[in-house]
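Notes for the one structure printed next.
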Amino acid sequence: MILNMTYKKNYKLEHRNSWENVKIDVDGVEIEKNIHCIDVPSIEIIKENIEFEHVLTSEEAYDYIIKKYKDEEDQHNEVKKQYEEEIKKYNEEILPKLIEEAKEKAIEDINRKKEEEEKKKERELQKQYLEKDKIDWINQHGSDYFKRAIANGFDCQRKYVIERAAKEFPDFIVDFDDSAEWNSRSCPSEKALYEMITLKEKGYNANVVWLTRLPNGYDDYDYYDIDPCEAVVIRSYLGSYDLIKTYCE
């Protein structure tokens, strides 16, 4: 046996970050989640090159190999003992907390998804209701031209909102493009307060504000810049629009 170079294994306890796939029970449903595990104990093997000053004789080589394997085994057993103590603590104390956090996150994700789906259904139902309400109103109050336009697939949403608002709230203007601006009103006038209360009693979302900018001009409305003044605002008219009545002197 000729030996002048070899290597030996050194064992070291390390702590690493890793991703672990775990199964989590959420309301009776088993789901798989990848959880980020921090400072997970592990045994690292480091190979160390050994070079001798002379070629070992067969007897020297044999003695070295026996000693090398024993040293490696002793070191491995010592590190393994440390590892088993730490991995036991990790599995009993740390990992369950990570799994519980992952479970809570999974429940949050599921609940958020359900909530988003419910809101989506609500929006779709609201859209269907508003569309039916639009057709019904046009059939009852719209001109023949308007009815023909809708019957032939034209949306005419702007015209519909403006015409309906003009009939139902003739003193209000439509903020169709959401361009009006206002601040809160600390104390309303008697007229504005009465108007707001009357509208609320009818189920409208109304408030008294301090108007600083009128909506952009369009169609039949001649909107213009004004000095800031009091106004009553109806929010979410027909589901989307603001109506504004000014009390400018």
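The values are calculated or read from the model by the stated rules, or taken from the named source; none is laboratory data. All values reported here derive from a predicted model rather than from experimental measurement. We place every Cβ from the backbone using ideal geometry, glycine too, and count neighbours over all the protein chains shown.
Brief remarks follow.
- Top-ranked residue in the stretch 77-120 [being touching a residue at least 12 places away in the same chain (Cβ under 8 Å) and more than 25 Å from residue 16 (Cβ to Cβ); ranked as nearest to the chain's Cα centre (by Cα)]: 110
- Top-ranked residue in the stretch 35-48 [being closer than 17 Å to residue 75 by Cα and out of contact with any His (no Cβ under 7 Å at 6 or more places or on another chain); ranked as surrounded by the most Cβ atoms within 10 Å (Cβ to Cβ)]: 43
- Candidates 84, 92, 101, 118 - the one that is in a helix (DSSP H, G or I) and under 30 Å from residue 199 (Cα atoms): 118
Quick grid of which residues meet (1) loosely packed, with under 11 Cβ neighbours inside 10 Å; (2) closer than 30 Å to residue 30 by Cβ:
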| position | (1), (2) |
| --- | --- |
| 59 | yes, no |
| 73 | no, no |
| 85 | no, no |
| 91 | no, yes |
| 123 | no, no |
| 128 | yes, no |
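- Of residues in the stretch 227-242 being farther than 17 Å from residue 212 by Cβ and in contact (Cβ under 8 Å) with a residue 40 or more places away in the chain, the one surrounded by the fewest Cβ atoms within 10 Å (Cβ to Cβ): 239
- Tally of residues being assigned to a helix (DSSP H, G or I) and touching a residue at least 40 places away in the same chain (Cβ under 8 Å) across the stretch 47-64: 5
- Qualifying residues in the stretch 20-34 (those that are farther than 14 Å from residue 91 by Cα and surrounded by 14 or more Cβ atoms within 10 Å (Cβ to Cβ)) - the one modelled with the lowest pLDDT: 26
- Taking residues in the stretch 127-142 that are within 14 Å of residue 237 (Cα to Cα), and partners anywhere that are assigned to a helix (DSSP H, G or I) and of a type in the set (D, E, K, R), the pairs with Cβ atoms closer than 9 Å and at least 6 places apart or on different chains are 134/164.
- Against the list (1) over 13 Å from residue 243 (Cβ atoms); (2) crowded, with 18+ Cβ neighbours inside 10 Å, the condition residue 190 fails is (2).
- Only strands (runs of 3 or more DSSP E) whose full extent lies in the stretch 145-249 are considered here, and the ones with at least 3 residues that are modelled with pLDDT of 90 or more and not acidic (Asp, Glu) are 181-184, 205-213, 229-237, 241-247.
- Residue in the stretch 137-145 that is among the acidic types (Asp, Glu), under 30 Å from residue 167 (Cβ atoms) and not assigned by TED's automatic domain parsing to the domain that holds residue 239 present: yes
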